[in-house]
1. Does at least one position in the range 21-38 carry a residue that is part of a loop (DSSP other than H, G, I, E, B) and within 20 Å of ILE121 (Cβ to Cβ)?
2. Report, by residue number, each residue of the range 55-79 that is assigned to a loop (DSSP other than H, G, I, E, B), more than 15 Å from the chain's Cα centre (by Cα) and crowded, with 21+ Cβ neighbours inside 10 Å.
3. How about the range 16-36: which of its residues are within 18 Å of the chain's Cα centre (by Cα) and surrounded by 15 or more Cβ atoms within 10 Å (Cβ to Cβ)?
4. With respect to ALA104, determine if the residue is closer than 22 Å to LEU7 by Cα, touching an Asp or Glu at 6+ places or on another chain (Cβ under 8 Å) and surrounded by 16 or more Cβ atoms within 10 Å (Cβ to Cβ).
5. What number of residues in the range 43-67 are more than 12 Å from the ligand (Cβ to nearest atom) and either in contact with a Phe, Trp or Tyr (Cβ under 7 Å, 6 or more places away or on another chain) or within 30 Å of ASP123 (Cβ to Cβ) (or both)?
6. Output the qualifying pairs, or none if there are none: Cβ atoms under 9 angstrom, residues six or more apart or on different chains, first residue in the range 11-26 and more than 16 Å from ILE71 (Cα to Cα) and modelled with pLDDT of 95 or more, second residue near the ligand (Cβ under 6 Å from one of its atoms) and in a helix (DSSP H, G or I).
7. For residues that are touching a residue at least 40 places away in the same chain (Cβ under 8 Å), away from the ligand (no atom under 15 Å from the Cβ) and in a loop (DSSP other than H, G, I, E, B), scanning just the range 121-165, find the one that is surrounded by the most Cβ atoms within 10 Å (Cβ to Cβ).
Amino acid sequence: MGKLDILVHCLAFADKEGLVGDFSAIPKEAFTQALEISTYSLASLTKVAKPLMTEGGSILTLSYLGGVKVIPNYNLMGIAKAGLEMSVRYLASELGPLNIRVNAISAGPIRTLASSAVGGILDMIHHVEQVAPLKRTVTQTEVGNAAAFLCSDLASGITGQVLYVDAGYEIMGM
Ligand code: 0WE
């Protein structure tokens, strides 16, 4: 592959058992699988990207508010995203001396193929449209634009951060 400048990590999975019902009832196997795919994969990919980013670089991952606050049914993915956001900080600390930046975007809910498998996603989007300062949800283009910024030299002073691209929803308390 030679040289690498940018790595975008956009990968998550939890078994349906971990996205519904009682949190305390999540099977150990589902827990391990979700953390391996959704959390460990960032460190794993970073390990192989690191020696390729010989002139510095930018690593970006995608997170969700459910890793910081309780979102009904996000359950197991919340644990995975909490671990992912903390991984961003530890990786940023490790790779900063190599001028490799590591950040995350925490996006608001978006209607996609993956999210259509989530029960009640339309109700959640409707809620965000009422509560978020911008009175709407975000588009995939807006998330992409923020990703382009964080991966570019415009963000050369930013590392270890979680940038909310959520129409402002995260600042609201009620
Ligand atoms: O991170 C996610 C969901 C990622 C995801 C989606 C699925 C659906 C199909 C991970 N694993 C699976 N497993 C499947 O079998 N989001 C940010 C979207 C999402 O998922 C939710 C949400 C939102 C928002 C689940 C419950 C509540 C809210």
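1. yes
2. Those that are assigned to a loop (DSSP other than H, G, I, E, B), more than 15 Å from the chain's Cα centre (by Cα) and crowded, with 21+ Cβ neighbours inside 10 Å: none in the range 55-79.
3. GLY18, LEU19, PHE31, GLN33, ALA34, LEU35
4. Yes; evaluated as a whole, the condition is true for this residue.
5. 1
6. Listed by first residue and then by second, the contacts come to ALA12/MET77; PHE13/MET77.
7. So the residue we want is THR159.
Yes or no, residue by residue, for (1) within 10 Å of the ligand (Cβ to nearest atom); (2) touching a Phe, Trp or Tyr at 6+ places or on another chain (Cβ under 6 Å); (3) free of Cβ contacts under 8 Å to residues at least 24 places away in the same chain:
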{"residue": "VAL70", "(1), (2), (3)": "no, no, yes"}
{"residue": "ALA82", "(1), (2), (3)": "no, no, yes"}
{"residue": "MET86", "(1), (2), (3)": "no, no, yes"}
{"residue": "TYR90", "(1), (2), (3)": "no, no, yes"}
{"residue": "GLY96", "(1), (2), (3)": "no, no, no"}
{"residue": "VAL102", "(1), (2), (3)": "no, no, no"}
{"residue": "ILE105", "(1), (2), (3)": "no, no, no"}
{"residue": "GLY119", "(1), (2), (3)": "yes, no, no"}
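The values are calculated or read from the model by the stated rules, or taken from the named source; none is laboratory data. Small disclaimer: the values here were computed from a predicted structure and weren't measured. Every residue, glycine as well, gets a Cβ built from its backbone with ideal geometry; the counts of neighbours run over all protein chains shown.
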